[in-house]
Amino acid sequence: MSNVTTVPRPQRWQTPFGDMSDVDVERVMALQPFAGMDRSRFVAPMTLDGIVRHDMRVVRYRGGDIVVREGDYGNSAFLILSGRLRAILPPGLPSELLGRAPEEPRSAWSALSQLWRNPKMPEVRDAARYARHGRAGDPGDDERTGIFMQDLPRVLDRYETITMQEGELFGEIAALGRTPRLVTVIADGDAELLEMRWQGLREIRLRDEAFRRHVETLYRTRSLHGHLRATELFRHLPAEVLDAIADETLFETYGNFEWHASYKRFAADPPEVRLAREPVIVGEGDYPDGLLLIRSGFGRVTKRFNHGERTLRYLGRGGVFGLAEILDNWQRSASGALDATLRAVGYTDVLRVPTATVERHVLNSMSAADLARVSRTVFLPGQGEARPEAGAAPIAAASTKQMDPELLEMLVDYRFVNATAAMVINLERCVRCDACVDACAQAHGNNPRFVRHGVRFGPIMIANACLHCADPVCMIGCPTGAIHRSDRGGQVVVNDDTCIGCATCANSCPYDNIRMVEVRGADGRFIYDETTRQPIRKATKCDLCLDQPGGPACQRACPHDALARIDLRDPQQIAEWVQR
């Protein structure tokens, strides 16, 4: 044992969020809401001052600095300590002002000319472009700086805004639910903010009832009404009824918010071990005490089978669970149990609408025809769940194609249910001609953006190409907004001009589908940072040929129909492709 290398076990607060001095901690502890919290509820080692010291930091912004960008995925909230901020109301700022790439599709001639105009050397860039944007690639001392508004008064005059003042809290909804930021917030003059990472928010929310109620009130005010309205079951209800339902809705979270950090360690474990790690939200045989709405993340629906459990299907954002049993019990005046189990896959944020609330406000307000329609098209009898709404995993109520149960298990186990555009290859049809790789290279300056290997199930392989995830954890923490969703189709893309090479996205991607590359100038020589004298590195990944006429070149180039880009949130889509 003397030759064994040992290291200390990583601790919760081994790496503080910021550099909080004793003076900073005392200052924050004297502010509301922290001053009014009962410190006895924060038991050591998770003390309140420890949370402030290790999970918070004081950040300063100049006038014109973007604090958060609409559409970004954040993992922290902000409390305004001093100064004034402006939130840009929808439709918001154009993409180019947010550090994102303008979306201009190539003409047919431009696409064709790639065949002879592409550079011979790999990863060639126009260095002058970086100089114009001021983002050569050095992360610098403060990656939070991001994008600066050059003409703030003109911008604020042209767009509708609301003013936020000292003491206001914002960003908590995106931080706790891992949902996109709803608005862009800009510093209107010098401002000082307390930034709180989600771990600290969670701990305070668990221990302080007043803070939990405050956060839930903010969500009810800002977002819950819209979430209910987007769900088919509640769409017909008047605003006052939706308000009553919102008041009685419970907020629950399950699983690990940073599931992607540990995913690779557990991916090779036996299926039963991976399943045991997924928290049970409600179990088969439980009384359906509420209708469950998936607010963010994914849920796995399972049913007991022999001595184990079999995955029936999965739910994404907007998914509904438990309606079949609630409706059946209400119609028969019975108290039947749930027919399946719902588990959190990774991290799942759930809204629970009590059964009595659903019966009183929803079912009692529906006509016989509406109830028949709901029974026929919304829920799937015997599966313990309802059809998800827009943005979730769509499920066909009737189909001649059924997915192989083991393939379904694999998709959930490896979190491929996150994929909106996975590269799926049928290896029995594939002849290894490399036409897909060549086409990808031609569309991206002779640099293919995927690797043709990956997880296999029989003849089916999920290749190492960007999945364009429904829950893109790669976007969390990007300091400049360079990695973002396309306004046109929701594809996850990288703006090469504003990428600073920090590798945050590459390190966060659980599927290893983002690479960091050293870039070259037109002469073929590597481009170096003028300050550090280190090669400039940029994040590269599949962009689903966003600017190419005709869509993904890899799929169009395959001569044997062996490759397709498939939305794996839809089990019928892959079942039909595999069995065609």
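Please treat every number below as a calculation from the coordinates, not as lab data. If you're wondering where the values come from, they're calculated on a predicted model, not measured in any experiment. In this analysis, Cβ positions are derived from the backbone assuming ideal geometry, glycine residues included, and neighbour counts consider all displayed protein chains.
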Estimated [θ] at 222 nm from DSSP helical runs (n ≥ 4, -39500 (n - 2.57)) normalised by residues in the chain, nearest 500
-7000 deg cm²/dmol
Cα-Cα P(r), region 203-274, percent of pairs per 5 Å interval
3, 12, 17, 15, 12, 11, 12, 11, 5, 2
In region 495-531, which trypsin sites (Lys or Arg not before Pro) are in a loop and have at most 14 other Cβ atoms within 10 Å, using DSSP for the loop call?
R525
Using a 10 Å cut-off on Cβ atoms, rank the peptides 312-324, 155-167 from the highest mean neighbour count down.
312-324, 155-167
Sorted peptide list for 217-224, 291-298, criterion being average Cβ within 10 angstrom, highest first:
291-298, 217-224
Alpha-carbon Rg with Dmax, taken over region 402-474, Å:
13.4, 41
When every alpha-carbon pair in region 459-580 is counted, what percent end up more than 20 Å apart?
52
Taking the Cα atoms of the chain, what is the range of coordinates along each of the three principal axes, in descending order and whole Å?
78, 68, 67
Please compute the Kirkwood hydrodynamic radius of region 259-328 from all pairs of different C-alpha atoms, in Å with one decimal.
13.8
Region 187-240: GluC sites (Glu not before Pro) in DSSP loop, at most 14 other beta carbons within 10 Å
none
Compute the projected area of the convex hull of the Cα atoms of region 512-580, averaged over all viewing directions, and report it in nm² to one decimal place.
7.8
